[in-house]
Structure formats: C-alpha cells, structure tokens
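> What follows is a structure written as structure tokens; I'll ask about it next.
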Amino acid sequence: MSRKKGDKIESPFKFKGNDGKIYKITLKEKLFCETYLETRGSGVDAALRVYNCKNRQVAWTMASQELIKPQIIAYIDLKLEEYGFTDENVKKQHLFTLNQFQDLGAKNKAVDMFYKLKGTYAPEQIKHSLDEDDIEERIREVKARIGAIGASEKKDSISEPGPPIPS
C-alpha cells in the first residue's frame with residue numbers, strides 16, 4: 001500500500017490491558033472506544049462520529065468489526081470504570097429499574113435477573129402423573145432388577161468361597 005502526499009500516518013497508541021498484556025491501537029480506534037463509552041455503548045453512534053460513515057447501516061457494520069478486535073475490547077474494558085460502568089452504578093441502575101412503574105417489561109426483566117443473580121428461584125417442579133397400569137409396570141421392573149441383582153450375588157458367592165455367613 002503506497003502513501004500519497006497528505007495522507008496521515010496514525011501512530012499506534014500502546015497500553016497495558018487489565019490482563020497484563022501490551023496492546024496497540026490507532027488513535028482513531030482509541031477515539032472510537034472513548035466515543036463508544038461516552039455514548040453508553042452505542043457502537044453505531046461512535047462509528048458515525050469517528051469514521052464519518054455515510055449511513056447507520058455502514059456504521060453498524062463498522063462498529064461490529066471494531067468491537068470484535070481483541071485490542072479494542074481490551075481498551076474498552078480498561079476504561080469502563082472511568083466512564084461510570086462500575087458494579088455500584090450497575091446496582092443503582094438495576095434498583096432504579098426495579099422500582100419504576102413506567103416500563104413494566106423492563107421491570108419484570110430486572111426482577112428476573114435479580115432472582116437469577118441471588119439464586120433464589122425455586123427449583124423447577126416436575127409433576128408426575130402415573131395411572132395404575134404404569135405403577136404396576138414400574139413395580140414389575142423393580143422386582144425384575146432386584147431379582148437380577150440377587151441372582152448375580154448368589155452366582156458370585158457360589159463361584160468364590162468366602163468366610164461363612166453367620167445365620
């Protein structure tokens with residue numbers, strides 16, 4: 001790829017990720033990440049602003065391509081707390097959603113998520129319904145299995161003499 005007069009060379013920006021690895025991103029990618037965080041996770045809006053995309057579909061494609069790059073993910077992860085994405089803030093937003101009455105769908109999802117996170121869902125209950133014929137069949141199966149086990153034990157005790165069994 002040859003450069004033309006007036007083309008800008010984007011110098012790489014180096015940073016150490018939360019995983020301890022050193023990453024490089026271009027200054028434009030860095031700006032995309034920061035705009036992504038400023039727009040509260042809107043990749044389309046970030047791409048529209050940073051890459052001057054001609055429409056939202058192109059911006060969506062561009063954002064999708066950027067957001068799968070390990071170095072982009074690492075930089076965003078590094079900056080999350082700086083932009084207010086902390087456990088405490090998420091808990092506050094969750095609490096707000098739980099306590100609001102405007103969007104009941106969102107409220108129900110928040111309640112569902114709360115119970116999942118707390119592990120307080122009741123175990124799934126399965127109802128079993130058996131009629132008399134099913135019960136009789138199950139009893140025959142259990143008796144056959146017990147008989148097979150008893151026959152196997154009897155066969156083993158005959159072939160291998162052991163200590164006398166007290167009576």
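The values are calculated or read from the model by the stated rules, or taken from the named source; none is laboratory data. This one's a predicted model, so the numbers in the text were calculated from it and none came from an experiment. Please note: Cβ atoms are built from the backbone with ideal geometry, for glycine as well, and neighbour counts cover all protein chains shown.
> Which of (1) over 30 Å from Q93 (Cβ atoms); (2) modelled with pLDDT under 70; (3) surrounded by fewer than 10 Cβ atoms within 10 Å (Cβ to Cβ) is the odd one out, the single condition D133 does not satisfy?
Single failed check for D133: (2).
> So, one more: For residues that are of a type in the set (S, T, Y) and in contact (Cβ under 8 Å) with a residue 12 or more places away in the chain, scanning just region 70-100, find the one that is farthest from F114 (Cα to Cα).
Y75
> Do any residues in region 37-50 that are under 17 Å from V90 (Cβ atoms) have Cβ atoms under 6 Å from those of residues that are at pLDDT below 95 and not small (G, A, S), where the two are at least six apart or on different chains, and which pairs are they?
Here the result reads L37/K79; L37/Y83, each pair linking region 37-50 to a residue that is at pLDDT below 95 and not small (G, A, S).
> I'm told F101 meets every condition in (1) over 22 Å from the mean Cα position of the chain (by Cα); (2) outside any loop (DSSP other than H, G, I, E, B); (3) at pLDDT 75 or above except one. Can you identify the failing condition by its number?
Every listed condition holds for F101 apart from (2).
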